[in-house]
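The values are calculated or read from the model by the stated rules, or taken from the named source; none is laboratory data. None of the values given here were measured: they were computed from a predicted structure. Methodologically, a virtual Cβ is constructed for each residue, glycine included, from the backbone with ideal geometry; neighbour enumeration extends over all protein chains shown.
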Amino acid sequence: MTDIDFTGVFPAMTTPFAPDGRIDHETLAEDAQRLENAGVAGLVPAGSTGESATLTHDEHIEVVETVVEAVDDVPVIAGSGSNSTHEAVDLSRRAAGAGADALLLISPYYNKPEQAGFRRHFRAVADAVDLPQIVYNVPGRTGKNVEPETVAELAIHGNIRAYKAASGDVAQISEVIEHTRGEDLAVLSGDDALTLPVCSLGGRGVISVAGNVEPERTVELVDAALAGDLDRARELHFELSPLFRQLFAETNPIPVKAAMAIRGHAPETLRSPLTELSEEPREELERILAELAAADEAATNTTEAA
């Protein structure tokens with residue numbers, strides 16, 4: 001089994017599409033390299049931010065292959081979850097065959113299983129595929145919460161190594177950390193705005209949307225938080241907070257794809273039924289990105305003058 005340190009910033013990558021809707025693999029590879037060079041701890045392709053819901057299974061694996069081939073030194077954590085256990089096992093096996101170093105498994109959605117169903121589902125994948133795996137809890141998308149006690153029971157399995165906390169509930173995240181302190185389970189924030197609180201509770205980082213747009217700042221925020229430099233971590237948290245909020249002004253990944261296009265990293269094209277960012281939130285996003293860029297320029301000028 002691959003040994004991965006689930007500590008740091010793991011951007012939940014977008015999937016760039018050409019105007020005709022096909023995957024732009026060249027841009028995807030370039031984006032993976034840009035993020036690796038920015039100092040992230042790993043990459044997460046084909047997740048919710050990567051529009052996995054509109055990728056065919058073959059496209060899903062092609063995205064993973066492209067990212068694996070593009071990077072040199074960072075692990076690739078492939079989104080391979082499904083609301084069907086059989087399908088999740090199949091996708092996870094195929095992702096492993098494509099070279100993924102670990103797997104991100106969204107909890108089964110729409111069919112809303114009971115906690116026993118969650119346990120059976122995640123254990124089935126963990127038994128079938130010998131890679132480190134992240135349990136991903138995002139009840140706002142899936143319609144059902146994976147309870148802290150369930151996470152604690154799953155953490156006993158040797159292949160279940162991390163938990164992506166995207167419930168938005170800090171008390172629940174704290175309870176997960178409390179229940180799993182005896183296990184080697186890395187708790188990662190699934191909400192950029194909660195990265196600092198989660199790290200302060202003992203979490204190890206973030207699977208980040210903002211990290212696609214501001215990877216260096218996001219890495220510095222997590223590094224400062226984990227090093228106990230709370231003054232610097234708070235400073236960066238508040239500096240990035242307007243971006244954190246604006247990236248969810250409409251359904252993810254609509255705003256982050258707009259931000260990537262504004263920064264010149266990738267086209268804004270989304271797959272239907274998602275639509276491009278509306279005018280008013282776009283103007284606010286442009287303003288926030290311009291302010292961040294101006295702050296960078298001012299810092300560079302100060303350094304050069306010194």
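GLY50 falls short on exactly one of the conditions (1) touching a helix residue (DSSP H, G or I) at 6+ places or on another chain (Cβ under 7 Å); (2) surrounded by fewer than 24 Cβ atoms within 10 Å (Cβ to Cβ), and that condition is (2).
Among the residues making up region 99-133, those that are part of a loop (DSSP other than H, G, I, E, B), closer than 21 Å to ALA53 by Cβ, out of contact with any Lys or Arg (no Cβ under 6 Å at 6 or more places or on another chain) and not aliphatic (A, V, I, L, M) are SER107, PRO108, TYR109, TYR110, ASN111, PRO113.
Per-residue answers, yes or no, for (1) under 20 Å from VAL89 (Cα atoms); (2) under 19 Å from the mean Cα position of the chain (by Cα); (3) charged (D, E, K, R):
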residue: ASP127; (1), (2), (3): yes, no, yes
residue: PRO132; (1), (2), (3): yes, yes, no
residue: ASN145; (1), (2), (3): no, yes, no
residue: PRO148; (1), (2), (3): no, no, no
residue: GLY168; (1), (2), (3): no, yes, no
residue: ALA171; (1), (2), (3): no, no, no
residue: LEU185; (1), (2), (3): no, yes, no
residue: ALA193; (1), (2), (3): no, yes, no
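Residues of region 34-45 include none that is modelled with pLDDT under 95 and either of a type in the set (D, E, K, R) or surrounded by fewer than 19 Cβ atoms within 10 Å (Cβ to Cβ) (or both). Residues of region 97-127 being surrounded by 18 or more Cβ atoms within 10 Å (Cβ to Cβ) and of a type in the set (A, V, I, L, M), which ones? Hits for region 97-127 are ALA98, ALA100, ALA102, LEU103, LEU104, LEU105, ILE106, VAL125, ALA126.
Of note, VAL89 does not satisfy the criterion of being farther than 20 Å from ASP191 by Cα, in contact with a strand residue (DSSP E or B) (Cβ under 6 Å, 6 or more places away or on another chain) and not in a loop (DSSP other than H, G, I, E, B). Of all residues in region 194-240, those that are free of Cβ contacts under 8 Å to residues at least 12 places away in the same chain and either under 22 Å from ALA46 (Cα atoms) or part of a helix (DSSP H, G or I) (or both) total 3. In region 174-185, the qualifying residues are those that are outside any helix (DSSP H, G or I), of a type outside the set (Val, Ile, Thr) and surrounded by fewer than 23 Cβ atoms within 10 Å (Cβ to Cβ), and the one that is modelled with the lowest pLDDT is GLY182.
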